[in-house]
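Below: one structure, written as structure tokens.
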Amino acid sequence: MARLRSLDVCSGAGGLALGLERAGFDPVLLLDNKGVACETVRVNRPRWNVLTTDLLDFDPVEHQETYDVDLLSAGPPRVKASAANGRLSSEGEERLLEATVLLMHAVQPRALLLENVPELATSPAYAAVRGRIESELTHLGYGFHWFVLNAADFGVAQDRKHGVLVALGKPWADRFVPPAPTVSRHASVGSVLRRSMRSRGWPGADEWAARAISTAPTLVGGSENRGGADLGPRGSKRAWKRMGVEGKSLADEVPGPDTAPRELVRLTPEQAALLQGFPEDWRFAGRKTARYRQIGHASPPPLGEALGRAIARALPPATIRA
């Protein structure tokens with residue numbers, strides 16, 4: 001089967017790279033500055049070349065296998081409201097966003113895929129940021145597309161919107177069409193987690209799944225500087241409670257036979273990963289909070305797959321390597 005080559009930066013736990021692999025892209029290099037996230041990727045894909053480094057310190061000259069790849073993909077940390085002043089700050093999330101685009105100069109990929117908060121693609125508050133990115137891409141000879149996708153439209157049991165930038169060399173940019181939804185009905189939390197909830201003999205698992213008929217609120221990994229993992233802000237916790245889930249903390253294991261049928265249950269990080277669209281056999285390194293943060297910060301693999309297939313369709317066959 002013909003395959004394409006990619007460079008994946010700000011890779012996290014590998015969600016975007018996994019989706020792109022399913023779409024036909026093999027990474028020549030992945031990089032992230034979190035050692036535990038890199039260990040997760042190495043555990044699951046030992047053959048992948050994973051580099052633990054900050055994107056700001058990455059020099060493609062030292063990794064020339066990244067030159068002329070078919071795709072540069074990136075899921076940098078979510079930009080915050082500080083970008084709304086129209087300036088990219090000298091540090092933090094905005095600087096990583098800028099570094100991703102500047103990497104295009106050296107790598108010269110045939111396409112770029114960048115995902116972030118939906119506001120980056122649509123909000124007037126980020127117009128100046130988009131303008132600078134567009135100016136840089138135009139200067140390099142790329143056409144571009146900004147749009148928003150909801151992971152729930154691609155089989156992920158979570159209401160999770162992503163702002164997406166896809167840029168391609170101008171001969172191919174007009175051929176790109178954002179992916180259409182792959183499901184006609186959004187998956188529910190209960191349908192995705194029913195088997196997991198039953199795995200240790202909880203007598204209330206089926207009743208719980210029958211009540212958990214909504215998609216999940218957006219999972220958030222939280223800040224590296226705050227305490228333990230939970231399921232998000234107050235409004236999200238209320239939504240989880242309506243589905244029979246206690247959102248203030250996570251569990252070490254799924255409910256067992258001694259759990260009362262209608263008791264509020266807590267999710268495990270591995271259950272959160274299922275709601276993020278990871279396969280059951282994807283293992284996460286680190287302690288519970290570190291695992292959950294990787295999951296909450298990840299790009300859902302089914303969304304990455306849909307985007308990868310759309311990009312591959314736009315690229316000419318001559319770029320595809322066996």
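Here E263, E253 are screened, and the one residue that is assigned to a loop (DSSP other than H, G, I, E, B), in contact (Cβ under 8 Å) with a residue 24 or more places away in the chain, charged (D, E, K, R) and under 25 Å from R42 (Cα atoms) is E253. Against the numbered list (1) surrounded by 15 or more Cβ atoms within 10 Å (Cβ to Cβ); (2) modelled with pLDDT of 95 or more, T319 comes up short only at (2). Could you tell me whether P77 is under 18 Å from the mean Cα position of the chain (by Cα), modelled with pLDDT under 95 and of a type outside the set (S, T, N, Q)? Judged against the criteria, P77 is a match.
Does F58 satisfy the condition of being buried (at least 24 other Cβ atoms within 10 Å of the Cβ) and in the same structural domain as A127 (by TED's automatic domain parsing)? It is false that F58 is buried (at least 24 other Cβ atoms within 10 Å of the Cβ) and in the same structural domain as A127 (by TED's automatic domain parsing).
Conditions (1) of a type outside the set (A, V, I, L, M); (2) free of Cβ contacts under 8 Å to residues at least 12 places away in the same chain; (3) closer than 20 Å to A273 by Cα; (4) surrounded by fewer than 14 Cβ atoms within 10 Å (Cβ to Cβ), marked per residue:
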residue: V183; (1), (2), (3), (4): no, no, yes, yes
residue: V189; (1), (2), (3), (4): no, no, yes, no
residue: R194; (1), (2), (3), (4): yes, no, yes, no
residue: G204; (1), (2), (3), (4): yes, no, no, no
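Any idea which residue in the stretch 13-47 is surrounded by the fewest Cβ atoms within 10 Å (Cβ to Cβ), counting only those that are in contact with a strand residue (DSSP E or B) (Cβ under 6 Å, 6 or more places away or on another chain) and not in a helix (DSSP H, G or I)? Within the stretch 13-47, the match that is surrounded by the fewest Cβ atoms within 10 Å (Cβ to Cβ) is D26.
Here the stretch 1-12 is the region considered, the condition is being touching a Phe, Trp or Tyr at 6+ places or on another chain (Cβ under 8 Å) and at pLDDT 95 or above, and the residue that is surrounded by the most Cβ atoms within 10 Å (Cβ to Cβ) is S6.
The values are calculated or read from the model by the stated rules, or taken from the named source; none is laboratory data. Quantities reported herein were computed from a predicted structural model and do not represent experimental measurements. Quick reminder, even Gly has a Cβ in these numbers, built from the backbone with ideal geometry, and neighbours come from all protein chains shown.
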